[in-house]
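The values are calculated or read from the model by the stated rules, or taken from the named source; none is laboratory data. Just so you know, these numbers come straight off a predicted model, no measurement behind them. Cβ: placed from backbone, ideal geometry, glycine included. Neighbour counts: every protein chain shown.
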Amino acid sequence: MFSPAFNLATNDQWHTLPKGIPHLTVYTAFFYFSISCFVIAIILNITFLYHPVLNLPKSSLKAYLADFDGRIWALLAGLLCGFGNGLQFMGGQAAGYAAADAVQALPLVSTFWGVLLFGEYRRSSRRTYILLGSMLFMFIVAVGVLMASSGHRSSSHTAKE
């Protein structure tokens, strides 16, 4: 959802902007994205404190602020995620947003950490391991095809100029 919106905001392929109106730069789009995520996160967190899901006990903003146990890891994760999103936006400007989304390699990274660090899939069935391996293999093939097609796109684009 976000990548097509930012692609349109920064490139305007449908020519929806009137003449003379500049496109958003990648950095301006990223700024608006970050601010909107920050505001939505605050609203959702406060809402879920006072109206929790899954029959969890209610909490309060005061209790949330008093309990700092493990929050440094959450803060670090948020900073790393923001830094990664910024790099993704810059990659989208350079290589196209579809390529930047695919290169995130979220299934590969999360599966890698899940299996090695958190011990997920331990003592799973053989079928589970086959499906997991197939998913990883297909994703690697898809990234390879994407890389191959971007080289083809660059050379065909240069030939037309």
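When 153, 127, 123 are checked against the criterion of being of a type in the set (Lys, Arg), in a helix (DSSP H, G or I) and at pLDDT 85 or above, 127 stands alone in meeting it. Of the residues making up region 69-89, not one is touching a Phe, Trp or Tyr at 6+ places or on another chain (Cβ under 7 Å) and at positive phi.
Only one of the listed residues (94, 77, 66) is free of Cβ contacts under 8 Å to residues at least 60 places away in the same chain and over 30 Å from residue 140 (Cα atoms). That residue is 66. On the stretch given as region 40-99, residues that are of a type in the set (Lys, Arg) and out of contact with any Pro (no Cβ under 7 Å at 6 or more places or on another chain) total 2. The set of residues from region 29-84 being assigned to a loop (DSSP other than H, G, I, E, B) and either farther than 25 Å from residue 110 by Cα or among the aliphatic types (A, V, I, L, M) (or both) comprises 51, 52, 53, 54, 55, 56, 57, 58, 59, 60, 67, 68.
Before we move on, is residue 26 in the same structural domain as residue 91 (by TED's automatic domain parsing) and either over 30 Å from residue 93 (Cβ atoms) or touching a Cys at 6+ places or on another chain (Cβ under 9 Å) (or both)? Judged against the criteria, residue 26 is not a match.
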